[in-house]
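I have placed the structure first, in the form of C-alpha cells, so that the comments after it can refer back to it.
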Amino acid sequence: MQGSIDLDHRSAVQYLLRIGDTCLILGQRLSEWCGHAPVLEEDIAMANMALDLIGQARAVLTHAGAIEGRGRDEDQLAFLRDERDYRNLTLVELPRGDFAFTVMRNAMVATLMKLLWERLVDSSDEELAGIAGKAVKEARYHQQHAADWVVRLGDGTAESRRRTEAALRELWLYMPELFESDAVDDACQAIALGPRWIDLREPWLAEMRSILDEATLAMPAESAFRSSGKRGLHSEHMGYILADMQFLQRAFPGGVW
C-alpha cells in the first residue's frame, strides 16, 4: 500500500474513485470536441484539457488500485468495471451538448476540482498530495478558460446568452450532488486524506457567483432533484459512454494506455 498513513481501505478507495472517475468521464466528454470546436484554438484547448483530466484520472486510479490491493491497475479500473462501480458525478456523464453547455459544465467542475486539489495538497497521504500539487495548476487553468467563455457568451449576443442561460438551468439541477456528504467523506476527513466535499460548497458558490455576476447571469435556485452518480447510480447516458470507452479493451484484452 502506498501513502504515509494506515488508510481505511474501503473509504479511501471510494473517495479516490469519485475523483478519478469524475476526471476520466469528463475527459472523455471533452475529447468529443476534437475536430468539432467552433474555432481551431478551442479545438486544441479542449483536447489539451481532456488530456489533463485523463492524466489526473490515471494518477488517481493507479493510487486507488494500489490501496485497494486487488492487483487492478488504472487500465482495469478505467475500462473493466461495470457501470454501477463508477463513482463519477452525474454532471460529467451528460452528453456533450453545445459549446455553451460544455464551457458552463467546465466552469462548474473545474471550480470544484480546483478547490479540492488545493486542499489535497495537504493530504496526509503523500502520494495523493503529490498528485494534487500538479493537478491544481491544471485545474486553475481549466477554471479560468471556462470562466472567460462563460462571460463572453453570457454577456454576448442574444443567441449566445440564450444558450448559456439554458445550459446553466440544466446543469444546476445536478449541482447538489457535488456537495452531498456521507460516511466515505467523514472517514477520509478523519484520517486527513481529504476534505468532505460539503465543506467546499460555500467557497464554490462564492466563486461561481463571481463568474456568473461578470457574465450578467443569475444564479438559479437549488432544485429538489438529486442525482446519484457518486453512489454508483447513473443516468441513462453512462452506459453509452462506457460502451465507447470500453470497446477496444474488451475486444482486445490486455491493451494499455
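Bear in mind these aren't lab numbers, they're just calculated from the coordinates by the rules spelled out. No experiment lies behind these values; they were computed from the predicted model shown. Because the Cβ atoms are built from the backbone with ideal geometry, glycine has one as well, and the counts that use them run over all protein chains shown.
Some notes on this structure:
- Whether the range 196-239 is rounded, prolate or oblate, judged on the alpha carbon gyration tensor where a/c under 1.5 counts as rounded: prolate
- For the peptides 155-162, 24-31, the ranking by mean Cβ contacts within 10 Å, running from highest to lowest, is 24-31, 155-162.
- Computed from the C-beta positions of Ala183 and Glu214 and an R0 of 41 Å, the FRET efficiency is 0.60 to the nearest 0.05.
- A Förster radius of 41 Å combined with the Cβ-Cβ distance from Gln144 to Ile191 puts the calculated FRET efficiency at roughly 0.80.
- Stretchable slack from Arg119 to Phe252, in nm (0.36 nm times residue separation minus alpha-carbon distance): 44.0 nm
- Of all aspartates and glutamates in the structure, those lying under 16 Å Cα to Cα from Lys134, and not within fewer than 8 positions of it along the same chain, are Asp52, Glu118, Asp122, Asp125, Glu126.
- Sorted ascending by nearby beta carbons within 10 Å, beginning with the fewest, His36, His234 become His36, His234.
- Of Gly229, Gly239, Gly194, the one that fluctuates the most in a GNM where the chain has Cα springs shorter than 10 Å: Gly239
- Sequence of Thr22, Thr90, Thr111 once ranked by neighbouring C-beta atoms within 10 Å, starting from the fewest: Thr90, Thr111, Thr22
- Highest mobility in the GNM of the chain, judged by mean-square fluctuation with C-alpha springs under 10 Å and restricted to Ala224, Ala135, Ala78, is found for Ala224.
- Cβ-Cβ distance of Thr157 and Arg70, R₀ of 45 Å, FRET efficiency by 1/(1 + (r/R0)^6): the value works out to about 0.30.
- A value for percent of Cα pairs over 28 Å apart was derived from the coordinates, and within the list [x] 26; [y] 30; [z] 48 it appears as [y].
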